[in-house]
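Here is the structure we will look at, set down as structure tokens.
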Amino acid sequence: MTVTNSRLRFGVIGIDHRHVYHLVQGLLDAGAACAGYVRHGSDPKVQEGMRERFPDLPALENAEMLLEDPQVQVIVCAGIPALRADVAMAAMRHGKDVLLDKPGVTSEEQLQQVRAMCAQTGRIFSICFSERHIVPAVEHALKLVRDGAIGSPIQTLGMGPHRLNATIRPGWFFDQRQFGGILVDIASHQIDQFLVFTDSTDAKVAHSHVGHYGSDQSHRDFENFGEIILQTPTHRGYVRVDWFTPDGLPTWGDGRLFVMGSHGSIEIRKYLDIEGRPGTNHLFLVDRRGTRHIDCSAQPLHFFRQFLHDVDHRSETCMRQEHVFKVCELALMAQSLAMTGKACL
């Protein structure tokens, strides 16, 4: 697969989360050109990080400079989560495709509005689920599963622990109205992985829970733990996300994914092997022939090149649009069920 327009131009509106770094770098590495970014944001550390990492990119004063530029084809956003949908819809109204950090939406109303805007404009609304799209071990595991390495997938178990770093977080980080809740925010990764590894287009939220645990009472209303059970007629999935990564771990979180199949299993240690091999992207395969470790750190990533291809060709090689919406929908349903006992949508 090739990208016809190797110099596709994108602009960045919303630099409130550090995930903006891998969105920008991924598109640049895939051959796109950046027209600039709106320099204002809620976190001075991210603003400084943009200047340090991308000193040659224009830092612009307002979003209109990008929205009204006919040469900009894509708008990238890692803004405050509750504001991302508005940025996306403004971009689509201006005839541009959209690539967002997760979560793409934080409410049922936003999801309905984005769906309607996509249908009206025919533009792409895409989300980079970074725990799959920029983790080579997950990409390689998906290939193994699709090639039948472990038989038919039966269950996924996804864990997304994060380090809180409370003292350096901006105010919106602790305001649920701004980030949507822990299941909307973090668990979208694991929901995405459940759907793709089981090749499912839909699922039921059989159980979900959120809460504040531990002795830290400085942010008592902040959800620091969440879990979900997903099911289809033939698959089960368990999700656990939290903000309890201890300071002694040499990375921000020990993200793990287990995939159980009818003839084997895969475990992925995405970011470290806590007592063994150095580096990231460790995959452990167990099948009828035995056990083995696969170092996936040199495996190529395809997400950003596929996204550019889809922008050029109006295709869905990166992700189906309905898959993006389904991940958002299930995350919102799980959050609502955990908080109210009733699933929205």
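Some points to look at:
- Cut-off under 5 Å, modelled amide H: who pairs with residue 35 long-range: 10, 11
- Cα gyration tensor, segment 215-316 - rounded (a/c under 1.5), prolate or oblate: rounded
- Sites residue 302 and residue 218, calculated FRET efficiency, Cβ-Cβ separation with R0 41 Å, nearest 0.05: 0.50
- Three semi-axes of the equivalent ellipsoid, the chain, Cα gyration tensor, whole Å, largest first: 30, 24, 21
- Cut-off 11 Å, label 7 Å out along Cα→Cβ of residue 177, residues of segment 59-103 by amide N: none
- Normalised by the number of residues in segment 132-301, the average gap of Cα pairs under 8 Å and 6 or more apart makes the relative contact order 30 percent.
- Overall form of segment 132-301 per C-alpha gyration tensor (a/c, 1.5; a/b vs b/c): oblate
- Fluctuation leader among 202, 56, 43 - the chain, Gaussian network, Cα springs under 10 angstrom: 56
- Net charge contributed by nearby residues that have their C-beta within less than 15 Å of residue 162 (K/R +1, D/E -1): -2
- For residue 207, the residues whose modelled amide H falls within less than 5 Å of its own, excluding neighbours fewer than 5 places apart on the same chain, are 229.
- Relative contact order of the chain, defined on C-alpha pairs under 8 angstrom at six or more residues apart (%): 18
- Our coupling estimate for segment 114-128, obtained by passing each phi through the Karplus curve with A = 6.51, B = -1.76, C = 1.60 and θ = phi - 60°, is 5, 4, 5, 5, 4, 5, 6, 9, x, 8, 8, 10, 10, 10, 7 Hz, Gly and Pro reported as x.
- Segment 166-193 and segment 113-134: distance between their alpha carbon centers, rounded to Å: 19
- Take every Cα pair under 8 Å whose residues are at least 6 apart in sequence, average their separation, divide by the length of segment 68-167, and the relative contact order is 21 percent.
- Protection proxy ranking of 150-161, 218-229, by the mean of other Cβ atoms within 10 Å over each peptide's residues and highest first, is 150-161, 218-229.
- The Cα center of segment 291-345 and the Cα center of segment 53-95 differ in position by 21 Å.
- Shape category assigned to segment 18-69 from the gyration tensor of Cα positions, a/c cut at 1.5: oblate
Laboratory data are not the source of any read-out in this text; all were calculated from the coordinates shown. This one's a predicted model, so the numbers in the text were calculated from it and none came from an experiment. Positions of Cβ are generated from backbone atoms using ideal geometry, with glycine treated the same way; all protein chains shown enter the neighbour counts.
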